[in-house]
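Everything below concerns the one structure shown next.
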4 protein chains.
Amino acid sequence: MIQLQQRSSSPIYEQIVEQMKELVAKDIMKAGDKVPSVRELSSTLLINPNTVSKAYQELERQGVIQTIRGKGTFVLEPSVPRMAAERIEALRHELQRLTVEAKHLGMTKAQFREMVDEASHMLGEGYHAAD
Amino acid sequence: MIQLQQRSSSPIYEQIVEQMKELVAKDIMKAGDKVPSVRELSSTLLINPNTVSKAYQELERQGVIQTIRGKGTFVLEPSVPRMAAERIEALRHELQRLTVEAKHLGMTKAQFREMVDEASHMLGEGYHAAD
Amino acid sequence: MIQLQQRSSSPIYEQIVEQMKELVAKDIMKAGDKVPSVRELSSTLLINPNTVSKAYQELERQGVIQTIRGKGTFVLEPSVPRMAAERIEALRHELQRLTVEAKHLGMTKAQFREMVDEASHMLGEGYHAAD
Amino acid sequence: MIQLQQRSSSPIYEQIVEQMKELVAKDIMKAGDKVPSVRELSSTLLINPNTVSKAYQELERQGVIQTIRGKGTFVLEPSVPRMAAERIEALRHELQRLTVEAKHLGMTKAQFREMVDEASHMLGEGYHAAD
DNA sequence: GTGGTCTAGACCACC
DNA sequence: GTGGTCTAGACCACC
């Protein structure tokens, strides 16, 4: 399910973190689901176990997964996310940066918003609480 | 006008690139304006001239500024951006990534859109040509 | 395989870029081949690693080589070249300049063409697809 | 007749040298013709006289023009060019470099030759000596 | 091991 | 004055 681009400029461990979060965000992986063990995933992806380990540590730090000693690693209930305030600030800042780039690419507000809508269809409507 | 965060994970030269692009996007710096010389900015920011130079070279590659021999460095007319196709693809991908993060932070589509609108007020409406 | 002329007016990093492109154009280095590491080449050529690094970054920007984190740097498949339109225009302009020089050297069209043919034997015939 | 691009990456004095040689190669300026004085050309082009002076020195070194004390500067008879052997070697080398670039741009020998022919129409046919 | 970033500072070309 | 190139060498992230 995870596909690496060895030639990408973003480090492999970050690619794993991002894609794992994407799978969870899209409900392809749900709370309680077991994620592959470090050994399993590293041998599937043909990469160093340390790299997978680093990714899982980051996911755990972000509250996405949890390792239970001797049982394995599992997707967590979506809950109050760790470091929410900081991460929201970071999100705001990155959106700001993307807007600057859009401006330099000559995009209008409408075009940018369309691109946002395309990307954000996975988000809930928000009439009822986020599940 | 440029403020560095020495402890940030993004390199200094990138911070300069981003902030310079932001100043241009917000029309605080306009086509024809002279940007500080390499020496001047490096001594203001208390960093090495090479670091400023690297930032300026990147900005030149992106078509934001232009160096005129012995005269200095100037903001360029906004024109056909370099490598537009690739950069638009990258923008789309980063928006996708931010949406995933928004989902993990429990945001709804409406909340995310609001944050986008906040960030994107600098973009033109596009009803009339971009001036 | 790379030979520098310290006294040349063209900078060392450009000499490396040109010669590397020549090796690739002549199929002496092929897609997938590993190029020497920055440290290795710099110690072979007795120059600073930063200079090699600068050359490699330029080659990467031109789509000739690719760096894979922690693994090394490799020759890329020849593909759609970056900034093809601009580079073709530059090529046309430089050919124009060389023709002017040939005229000043008293060369005839036939002599110039002969010199061109000598230089261009590496180019494919184009009857069949490239490769 | 001479048009400078302040924003070009090639220095102004080189642009003057090249364009002057182009005018001569195209027979727009002929042997015996007076070229503008340093002061005149510098005030026409709105540049520093030193820059024009440097260009004229280079043109004189190449045997294109000659300054006659108190009379002015004139286009020379095309004669045995100065440093012909070296300049032919340099020409050969630059053609080699352009071929490498053409190869990287995916051009075939036929396409490259066509571009050469386009550029070299100013050269004589060579049935009779180059005048 | 690999490449990327940064500093401190020299030297040079151009104007 | 301006920016471009290069060296010597430190420190870091990634694998």
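Could you list, in sequence order, the residues of the range C:94-110 that are part of a loop (DSSP other than H, G, I, E, B) and closer than 13 Å to D:Lys26 by Cβ? If the condition is that a residue be part of a loop (DSSP other than H, G, I, E, B) and closer than 13 Å to D:Lys26 by Cβ, then no residue fits. Of all the criteria given as (1) more than 10 Å from chain D (Cβ to nearest Cβ); (2) at pLDDT below 95, the one not satisfied by C:Val35 is (2). Considering B:Leu105, B:Leu98, B:Leu59, the condition of being hydrophobic (A, V, I, L, M, F, W, C), out of contact with any Gly (no Cβ under 7 Å at 6 or more places or on another chain) and within 13 Å of DNA strand F (Cβ to nearest atom) is satisfied by B:Leu59 alone.
Selection of first residues in the range D:5-21 that are under 16 Å from D:Gly63 (Cβ atoms) and of second residues that are within 11 Å of DNA strand E (Cβ to nearest atom) and assigned to a loop (DSSP other than H, G, I, E, B), restricted to Cβ pairs under 8 Å at least 6 apart or on distinct chains, gives the following pairs, ordered by first then second residue: D:Glu18/D:Ser10.
Output yes when any residue across the range A:10-19 is within 30 Å of C:Val64 (Cα to Cα), among the small types (Gly, Ala, Ser) and within 16 Å of DNA strand F (Cβ to nearest atom), and no when none is. The answer is yes; a qualifying residue exists. Scanning the range C:61-79 for residues that are more than 9 Å from DNA strand E (Cβ to nearest atom), more than 18 Å from C:Lys26 (Cα to Cα) and either charged (D, E, K, R) or assigned to a loop (DSSP other than H, G, I, E, B) (or both) yields one hit, C:Arg61.
Let me confirm something: among C:Glu22, C:Glu18, C:Glu58, which residue is within 14 Å of DNA strand E (Cβ to nearest atom), in a helix (DSSP H, G or I) and acidic (Asp, Glu)? Don't jump to the end; show me each part of the working.
Details: C:Glu22 fails: within 14 Å of DNA strand E (Cβ to nearest atom); C:Glu18 fails: within 14 Å of DNA strand E (Cβ to nearest atom).
The unique qualifying residue is C:Glu58.
Considering only residues in the range C:62-79 that are charged (D, E, K, R) and within 13 Å of DNA strand F (Cβ to nearest atom), the one that is farthest from B:Arg82 (Cα to Cα) turns out to be C:Lys71.
Restricting to the range B:24-54, what's the tally of residues that are farther than 19 Å from B:Gly70 by Cβ and within 15 Å of DNA strand F (Cβ to nearest atom)? Qualifying residue count, the range B:24-54: 9.
Which one is least open to solvent (accessible area, probe 1.4 Å), of the residues in the range A:76-110 that are within 30 Å of B:Glu77 (Cβ to Cβ) and either more than 7 Å from chain B (Cβ to nearest Cβ) or among the acidic types (Asp, Glu) (or both)? Ranking the candidates gives A:Glu101 first.
Residues of the range D:18-36 being in contact with a Lys or Arg (Cβ under 9 Å, 6 or more places away or on another chain) and either among the hydroxyl-bearing types (Ser, Thr, Tyr) or open to solvent by 40 Å² or more (accessible area, probe 1.4 Å) (or both), which ones?
Within the range D:18-36, the subset in contact with a Lys or Arg (Cβ under 9 Å, 6 or more places away or on another chain) is D:18, D:21-22, D:24-26, D:34.
D:Glu18, D:Glu22, D:Lys26, D:Lys34, listed by residue number.
Examine the range D:60-70 for a residue that is touching a strand residue (DSSP E or B) at 6+ places or on another chain (Cβ under 9 Å), open to solvent by less than 60 Å² (accessible area, probe 1.4 Å), more than 14 Å from chain C (Cβ to nearest Cβ) and among the hydroxyl-bearing types (Ser, Thr, Tyr), and state whether such a residue exists. No, the range D:60-70 has no match at all.
Here D:Glu125 meets the list (1) outside any helix (DSSP H, G or I); (2) away from every other protein chain (no Cβ under 11 Å) almost entirely, failing just condition (2).
Note on the range B:1-15: among residues that are open to solvent by less than 60 Å² (accessible area, probe 1.4 Å) and in a loop (DSSP other than H, G, I, E, B), the one that is modelled with the lowest pLDDT is B:Ser8. Does the range B:73-95 contain any residue that is free of Cβ contacts under 8 Å to residues at least 12 places away in the same chain and of a type in the set (S, T, N, Q)? Scanning the range B:73-95, I find no residue that is free of Cβ contacts under 8 Å to residues at least 12 places away in the same chain and of a type in the set (S, T, N, Q), so the answer is no. The set of residues in the range A:37-52 being open to solvent by 40 Å² or more (accessible area, probe 1.4 Å) and either within 16 Å of DNA strand E (Cβ to nearest atom) or of a type outside the set (S, T, N, Q) (or both) consists of A:Val38, A:Arg39, A:Glu40, A:Leu46, A:Asn48, A:Pro49, A:Asn50.
Taking every residue in the range C:33-45 that is within 20 Å of C:Leu76 (Cα to Cα) and pairing it with any residue that is within 8 Å of DNA strand E (Cβ to nearest atom) and of a type in the set (Gly, Ala, Ser), at least 6 positions away or on another chain, the pairs with Cβ-Cβ distances below 9 Å are C:Lys34/C:Gly72; C:Val35/C:Gly72; C:Pro36/C:Gly72; C:Ser37/C:Gly72; C:Val38/C:Ser53.
The values are calculated or read from the model by the stated rules, or taken from the named source; none is laboratory data. Every value quoted in this text rests on a predicted model; they were computed, and no experiment measured them. With ideal geometry, Cβ positions are generated from the backbone for all residues, glycine too; neighbour counts draw on all protein chains shown. The accessibility values were calculated without ligands, DNA or RNA, using every heavy atom of the protein model including side chains. Shrake-Rupley method; radii C 1.70, N 1.55, O 1.52, S 1.80 Å.
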